[in-house]
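The values are calculated or read from the model by the stated rules, or taken from the named source; none is laboratory data. Note that the coordinates shown come from a computational prediction; the quantities given were computed from them, not determined experimentally. Using ideal geometry, Cβ is built from the backbone for each residue, glycine included, and neighbour counts are taken over all protein chains shown. These accessible areas exclude ligands, DNA and RNA; they are computed on the full protein's heavy atoms, side chains included. Shrake-Rupley method; radii C 1.70, N 1.55, O 1.52, S 1.80 Å.
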2 protein chains.
Amino acid sequence: MDEFDLIAAHFAPLADPQAALDLLDDAAYLQGPGDLVITADALVEGVHFLPTDPLETVARKLARVNFSDLIAKGAEPIGALLTLAWPKRRPTAQIADFARGLALEQSNGLTLLGGDTVSTPGPLTISLTMLGSPCAGGPVLRAGARPGDLVCVTGVIGDGYLGLNVATGEAMPLDATWLADLLDAYRVPRPPFGFAPALAAHASAALDVSDGLIADAGRLAKRSGVALTIEAERVPLSAAARAWRSAADDPVQALGALVTGGDDYQTLFTIAPDRLDGLRAAARGIAVSVIGRAEAGSGVRLVDSTGAILAAARQGWSHF
Amino acid sequence: MDEFDLIAAHFAPLADPQAALDLLDDAAYLQGPGDLVITADALVEGVHFLPTDPLETVARKLARVNFSDLIAKGAEPIGALLTLAWPKRRPTAQIADFARGLALEQSNGLTLLGGDTVSTPGPLTISLTMLGSPCAGGPVLRAGARPGDLVCVTGVIGDGYLGLNVATGEAMPLDATWLADLLDAYRVPRPPFGFAPALAAHASAALDVSDGLIADAGRLAKRSGVALTIEAERVPLSAAARAWRSAADDPVQALGALVTGGDDYQTLFTIAPDRLDGLRAAARGIAVSVIGRAEAGSGVRLVDSTGAILAAARQGWSHF
């Protein structure tokens, strides 16, 4: 068995037998899928994951960064095409690790429709094109926020950034349990699975937070033609992130790192105030924090509880 | 402008403004596309194209290897998602070359729906996921050939293989015009554009010839559960390929190289004999050669005009 046979053997059980034609033809055939939301994300070894990251978690991250995009558009997954450029020097036994990671995402809706496997003299390079169905009321776009809307985010912000620091061996004054959890949050992102129907039914605009809360808020603000004001103290942090921030020499600067660090894969959205209760009811326990408000204007401002713009923000965190 | 801004500037004109949401959101939104045929192909610098190949032709090749898959399934393109891992060391001016190549494929139906652009410390790695609509009677699968069907192929076989030899500086006793044309055939494959409706209406099974006529015929035979016999002298060759073969020390071995070399991107198909005239009428001048016949059994045999299996084939060209 060469590596391509191995891949076929490992990936076939992940495929939709009908649409993927058993992965034994040249294309997938999807009958009457209805409206589609389609996203593509690529990960490169040494850029988006570390050469030391287990391939099981790399595969899960690939699936989850795409799930994150679909969720934030208010769509649920139909299936995905995988392109895999496999380094000649990587032991083929690792293909089983990669496939096991994908298999763990089947319960979140990962189904393979097809793809392409090639070899590369360079780093492991993987991309997934994921097709989804918009939920009722969706898709939710970056455009659509209106002055007066609330700004909200799911889950917690900053754990992905802190987890990257753990992965790269940064010294961090936290206990081992927290360090392990942060590392896991970096390697296997935690998008708000199941949130798409609530978002599609109630939100006015949304996107997923991948490049940092502030940068991505800026994109939503620009595309919607509004200003977003975010209250620093309302940004949801995990207990580990709160402890890390408290221990920092400059807590404001530390908060800046958390809100610009990226790798969060939460959904940032805007919503009319009178729709919030309905969204929360539909979200069935998924954590949703109100962190600010949309106003007439442009750009993103990070303010303290008195409304004063935080000094560090004024000095220009990236993408403000 | 960083490389990502440059890419956005160059790629935006290639996008479907409505479905791609101006490439300014996180996903594409395709309303009611109907049945879909979906294919994905990846190309890696140093593996699928040479570092010296102009990026304009690399982009065209990426589009055309995907077009080739859609055509061979009897489908016409709707749109595509591009993932581009751009080497840090490549001059960003080359992005314009790459985009120009994609633009030249717009007349063949290339429309961008979205994608992802990342940087890589490794070789240029590009993949395209292309969505298509099956034509009436399609899609055409690898399975479906029946004993008694004719085996046919579009265009000519072997020019891609000879063009690769030109690109790598192999000495070839051919005049300069032919050498230039073969190089072009390797760099910018020539799938049978416009053939999908005729194929979908009339063929019993099909796939595109990318890994060599014999290897791909073997895949169709296996999936259809038939044997394919191909007459060597009926395999269509260009004038350049015929001249190259005549000048070879061992013409049978030379033919073997042409039918196993790959990079043809023609459509190989089977068809009931009484459908051939209808297909040819619908194909409107696209060259279609009858090269053999499907029979009960398995595998692929390459025979001479007397029906004897060619010695070189018996000794085992790859994938027989």
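Against chain B, whose longest principal axis comes from its Cα atoms, helix B:251-260 is set at around 40 degrees. Inter-chain neighbour count for A:74-82: the average number of beta-carbon atoms from partner chains within 10 Å of each residue's beta-carbon is 2. What shape does segment B:123-180 take by its C-alpha gyration tensor, where a ≥ b ≥ c are the square roots of the eigenvalues and a/c under 1.5 counts as rounded, a/b above b/c as prolate, and the rest as oblate? Judged from the Cα gyration tensor, segment B:123-180 comes out oblate (a/c at least 1.5, b/c at or above a/b). Solvent-accessible area per residue in segment A:173-320 equals 42 Å², computed with a 1.4 angstrom probe and all protein chains kept. Kindly identify the protein assembly as shown as rounded, prolate or oblate by the Cα gyration tensor criterion: order the square roots of the eigenvalues as a ≥ b ≥ c, call it rounded if a/c is under 1.5, otherwise compare a/b with b/c, prolate if a/b is larger, else oblate. Taking the square roots of the gyration eigenvalues as a ≥ b ≥ c, the protein assembly as shown is prolate.
Per residue of peptide B:128-136, the mean number of Cβ atoms on other chains within 10 Å of the residue Cβ is 4. Between B and A, roughly 3900 Å² of accessible area is buried in total, ligands, DNA and RNA not counted and the probe set to 1.4 Å. Over segment B:1-129, Cα pairs under 8 Å with separation of 6+ residues give a relative contact order of 38 percent. Quick check on segment B:1-60: take the gyration tensor over C-alpha atoms, sort the square-rooted eigenvalues as a ≥ b ≥ c, and tell me if it's rounded (a/c under 1.5), prolate or oblate. It is oblate, given that a/c is not under 1.5 and a/b is not larger than b/c. Among chain B residues, the one whose Cβ is nearest the axis of the rotation from B to A, given with its distance rounded to whole Å, is B:GLY122, 1. Here segment A:1-97 has 54 percent of its accessible surface on carbon and sulfur atoms, given a 1.4 Å probe and all protein chains in place. Computed from Cα positions, the angle between helix A:94-104 and the longest principal axis of chain A comes to roughly 60 degrees. In chain B, the DSSP-assigned H stretches of four residues or longer account for a calculated mean residue ellipticity at 222 nm of -10000 deg cm²/dmol, using -39500 (n - 2.57) per stretch and the full residue count as denominator.
Taking the C-alpha atoms only, the angle from helix A:55-72 to the longest principal axis of chain A is near 50 degrees. Here the Karplus curve 6.51 cos²θ - 1.76 cosθ + 1.60, taken at θ = phi - 60°, turns the phi angles of segment A:25-33 into couplings of 10, 9, 7, 9, 10, 10, 8, x, x Hz, with x standing for Gly and Pro. Across segment B:122-138, rounded Karplus estimates of 3J(HN,Hα) from the backbone phi angles (6.51 cos²θ - 1.76 cosθ + 1.60, θ = phi - 60°) give x, x, 4, 10, 10, 9, 10, 9, 10, 9, x, 9, x, 6, 3, x, x Hz, Gly and Pro being marked x. Given +1 at the Cβ of Lys and Arg, -1 at the Cβ of Asp and Glu and no other charges, the dipole of chain A around its Cα centre is 880 debye to the nearest 20. Rolling a 1.4 Å probe over the protein chains gives A:LEU237 an accessible area of about 20 Å².
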